[in-house]
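Written out below as C-alpha cells is the structure these notes cover.
The values are calculated or read from the model by the stated rules, or taken from the named source; none is laboratory data. What you see is a predicted model; the values in this text were computed from it and never measured. When we count neighbours, we look across all protein chains shown, and the Cβ atoms used for this are built from the backbone with ideal geometry, even at glycine. Note: accessible area is taken over every heavy atom of the protein model, side chains too, but ligands, DNA and RNA are not part of it. Shrake-Rupley method; radii C 1.70, N 1.55, O 1.52, S 1.80 Å.
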Amino acid sequence: MIDRFEHQGILYAIVMRAGFRPESTTFITDDTASMQVGVLKWPESHVVKPHVHAAATRTIHDTTEILVVRAGTIEVQFYQDDGTPVASTCIYPHDTLVLCTGGHSFRASSAAEIVIVKQGPYMGLRDKEFLNK
C-alpha cells in the first residue's frame, strides 16, 4: 500500500508500506521529482549489463529525504512551511518514507534503526530551518 500525505494540493510525503508488492516495476514518485523512488521487479535470471551513469548537470532547489525503518517505530508529523501541522502517521519496520516538501518532526515510539538517504553534500545545521512548534 502507498499512503500519500497531501494538504491543499501540496504533496508532503509518500509512505511505501512494507506490504507493497507491485506486479511490475513501479515508481511511487513522479518523473519530475528531484529524487526518484520505486520498486524494481526483475524475473529470475534478469541481467543488467555493466554500465555507468552519464554525467548530467541538475539544479535541485529542495532536499528530499528518504527514510527506511529497519527496526522500531517512528511517529512523523508533517508541517506547512509556517509550522502549521497538516498530518501525522507512524512508520513501521520495512516501511519507506519519502519526505517531499514542508516541515517534519520525528519521535521514536520504540528504539529504531533507520537508513536515511538524501541529496548531498551534507551542510550540517545550515541544511535546516527549525520551526517554532
Out of everything in the stretch 83-108 that is over 15 Å from the mean Cα position of the chain (by Cα) and in contact (Cβ under 8 Å) with a residue 12 or more places away in the chain, what residue ends up being least open to solvent (accessible area, probe 1.4 Å)?
Gly83
Test: residue in the stretch 49-65 that is modelled with pLDDT under 95, under 17 Å from Met16 (Cβ atoms) and not acidic (Asp, Glu)
yes
Looking only at the stretch 3-27, and only at residues there that are hydrophobic (A, V, I, L, M, F, W, C) and farther than 20 Å from Gly103 by Cα, the one that is most open to solvent (accessible area, probe 1.4 Å)
Phe27
Is it the case that the stretch 38-61 has a residue that's under 19 Å from Ile28 (Cα atoms), open to solvent by 90 Å² or more (accessible area, probe 1.4 Å) and either under 14 Å from the mean Cα position of the chain (by Cα) or not aromatic (Phe, Trp, Tyr) (or both)?
yes
Considering the stretch 109-123 alone, what residues qualify as being over 9 Å from Val68 (Cα atoms) and open to solvent by 70 Å² or more (accessible area, probe 1.4 Å)?
Ala111, Pro121, Tyr122, Met123
